[in-house]
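> Okay, handing you the structure first.
The values are calculated or read from the model by the stated rules, or taken from the named source; none is laboratory data. Remember, predicted model here, so these are calculated numbers, not experimental data. Here Cβ is always computed from backbone atoms with ideal geometry, including for glycine, and neighbour counts include all displayed protein chains.
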Amino acid sequence: MPLQTLVNMDAHPVSFTSAAERRNSRIWKDLSAYRHFAIVQKLLQEDISGTVDMAAKIGKVHFHRPEARKASTCGSVLGALRRAQILGRPPRVGIVGAGLSGLRCADILLGHGFEVTMIEGRNRLGGRVHQVSLTPGHLVDAGPNWIHGTNNNPIMELAQSTNTLTGSWTAKTSVVDETGKMLPPHEAEVYSNMMWEIIGAAFTHSNRNTSTISPDESLLDFFNKELARRIPENSLDWEKKRKIMSQIAESWGAYVGNHGCLKPLRVYELLEEMTDFMVSQSSVRASSTFGWKKNLFCSDTYQKILAAVAKPAVERAAFKYKTVVNKVRTSDDEICETLKVQTESGETLEFDEVVFTAPLGWLKQHPETFSPALPARLAQAIRNIGYGCLEKVYISFDKAFWRSPLSEDDTQGFIQLLAPNYALDSNPHRWNQETVELASFTPADSHPTLLFYTYGDQSKYLTSEVAKLSSKDKKDAFLYEWFKPYYSRLPHYSEGSPDCQPVGCYATEWLNDDLAGNGSYSNFQVGLEEGDRDIKTMREGLPDRGLWFAGEHTSPFVALGTVTGAYWSGESVGKRIAQAYGRVVEGKVA
């Protein structure tokens, strides 16, 4: 029933003065029969039988006063009234983006009787969760590799239910120094433990002093102060040790997708809960209110997990692939119209609610998509949060030459190559190299492959250079040659051995991917002052206008930048929309 009918109908006025008159009102009968009548009751926050004039209660107070229309409470009223007009059909929700957050949101909404249409710019599901063939018989993840935490983690539960193989390493990080020599294991262990102890101290310092820490103070500043304290100038080889520690600290960038030591120190209280993965590499243990204990490499890839999350949507939702949205028109006035979604092909789609799951990088580049423009605080939040540039290069061999049956000669897990001075022709900036070897899982999921993580200027350089090459063979040859100075430093490498010759390669190109927002995932940069408020603002969205946001950038702080975070964010928005329509929702709504 149109809203103006409620306000202006003469034959059967909304006004009534007694319960008896209320029962005789046709409008009352229509409303009370409506399955979402709870919205109207909640809207008025009182028994409607005590309302003398609903038109005055709603229309006069909320529609005819422009200043009231701007208030957040009024926005909630307008949103509720817009939803209350949907009679005789399921509410229609458009979800922009068919990544993990969008697929999980669709699952929740479909389970509560909504009509869902998924609008996806690619010709596939998954967004940044995507698999490619490295060599015959071996898929690898182009996107996330990790499951961050094994306790209270829905992604871990999905891995178990889909029989997705996961792995971890018991061996400690191997370190190759700037001359290309492997450090003795016990020495590498001392440096690695010290780095993670300092990271832990940074978390503690940030938690205790967040109100007084300057937004311009970085982790690097704190790190240098701690180095001076832990390795004093009167200690043996203090200059060498500090230098190695500073080089090892650069590895932080591989975890946050950008120059890690340039992260603002004051926001580390937000990041503490999402870094068990890193801390678990050393003897340092971090506490987490979510009880996450261990982090696992998804050695079987995310393929089966993605299929499980997508199944409800694939079976019951409508899909529009290769469809890019370029405008979302919402209404925040008394007209209470449906939302109109326009695509690059000229099509216009109408929905009662729209969930926008495009990556943060895409939102940054396309503020003009939303009409009316996003509120200033929300637009600022999108600008404030950083967006990383983590990339990956997989290089596969016939045999994992770095492995050995003798534990003292074996290399497994993480390998750091520090500020190399032996490859200056190709790497004059002496970028650190971070690699994970994938040959030490079970026989079912191991393969002789090195996975290099790159970030910052290095990832920008490599993706731009690879993009210039015209064929797969030329791209592979470039990458083999560029990374050869590093994999040739691993134990048991022999130039003439066929086992040491690369046979397959794959390099990600998220920086060149417009639909991914030309990057990887959200992070924090020096100068950020209200990161927590920024995340909460994006997470809240604009429910009064029927516009919601989901994705790893809107997740609980414990899971920012992770697959779990994307999943949780979609679940949360789905439940919030269901509640807005009077549906009974099980479990906690974040």
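> Quick check on this structure: which one of Ser251, Ser287, Ser280, Ser246 is modelled with pLDDT of 50 or more and under 27 Å from the mean Cα position of the chain (by Cα)?
Every option except Ser251 fails the conditions.
> Looking only at the stretch 473-499, how many residues end up being surrounded by 19 or more Cβ atoms within 10 Å (Cβ to Cβ) and more than 32 Å from the chain's Cα centre (by Cα)?
The number of residues fulfilling the criteria is 2.
> Can you find a residue in the stretch 86-93 that is at pLDDT 95 or above, in a loop (DSSP other than H, G, I, E, B) and either under 18 Å from Tyr302 (Cα atoms) or acidic (Asp, Glu) (or both)?
No: the stretch 86-93 contains no residue that is at pLDDT 95 or above, in a loop (DSSP other than H, G, I, E, B) and either under 18 Å from Tyr302 (Cα atoms) or acidic (Asp, Glu) (or both).
Per-residue answers, yes or no, for (1) in the same structural domain as Arg539 (by TED's automatic domain parsing); (2) surrounded by fewer than 22 Cβ atoms within 10 Å (Cβ to Cβ); (3) more than 23 Å from Ser572 (Cα to Cα):
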{"position": "Ala358", "(1), (2), (3)": "yes, no, no"}
{"position": "Gly361", "(1), (2), (3)": "yes, no, no"}
{"position": "Pro367", "(1), (2), (3)": "yes, yes, yes"}
{"position": "Phe370", "(1), (2), (3)": "yes, yes, no"}
{"position": "Arg377", "(1), (2), (3)": "yes, yes, no"}
{"position": "Gln380", "(1), (2), (3)": "yes, yes, no"}
{"position": "Asp398", "(1), (2), (3)": "no, yes, yes"}
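> Hey, another quick one. Give me the pairs: first residue in the stretch 152-167 and at positive phi, second residue part of a helix (DSSP H, G or I), beta-carbon distance under 8 Å, and six or more apart or on different chains, which are they?
Qualifying pairs under 8 Å: Asn163/Lys304.
> To continue, here is another question. Can you name every residue in the stretch 504-542 that is surrounded by 18 or more Cβ atoms within 10 Å (Cβ to Cβ) and over 24 Å from Leu390 (Cβ atoms)?
Matches in the stretch 504-542: Thr537, Gly541, Leu542.
> Continuing with this model, one more query. Quick check: anything in the stretch 183-190 of a type outside the set (A, V, I, L, M, F, W, C) and outside any helix (DSSP H, G or I)?
Yes, the conditions are met somewhere in the stretch 183-190.
> What number of residues within the stretch 468-489 satisfy the criterion of being in contact with a Cys (Cβ under 9 Å, 6 or more places away or on another chain) and not in a helix (DSSP H, G or I)?
Total satisfying the criteria: 1.
> When you check Ala202 against the structure, is it among the hydrophobic types (A, V, I, L, M, F, W, C), touching a strand residue (DSSP E or B) at 6+ places or on another chain (Cβ under 7 Å) and outside any loop (DSSP other than H, G, I, E, B), yes or no?
No, not satisfied.
> Now a separate question. Within the stretch 197-210, track down each residue that is in contact (Cβ under 8 Å) with a residue 24 or more places away in the chain, under 25 Å from the mean Cα position of the chain (by Cα) and closer than 13 Å to Phe222 by Cα.
Within the stretch 197-210, Ile199, Gly200, Ala202, Phe203, Ser206 meet the criteria.
> Test of understanding: among Glu408, Glu434, which residue is of a type in the set (Asp, Glu), surrounded by fewer than 18 Cβ atoms within 10 Å (Cβ to Cβ) and under 19 Å from Lys181 (Cβ atoms)?
That would be Glu408, the only listed residue that is of a type in the set (Asp, Glu), surrounded by fewer than 18 Cβ atoms within 10 Å (Cβ to Cβ) and under 19 Å from Lys181 (Cβ atoms).
> Which one of His112, His148 is in contact with a Lys or Arg (Cβ under 7 Å, 6 or more places away or on another chain) and under 30 Å from Leu547 (Cβ atoms)?
Only one candidate passes the filter, namely His112.
> Of all residues in the stretch 388-413, count the ones that are in a loop (DSSP other than H, G, I, E, B) and of a type outside the set (Val, Ile, Thr).
15
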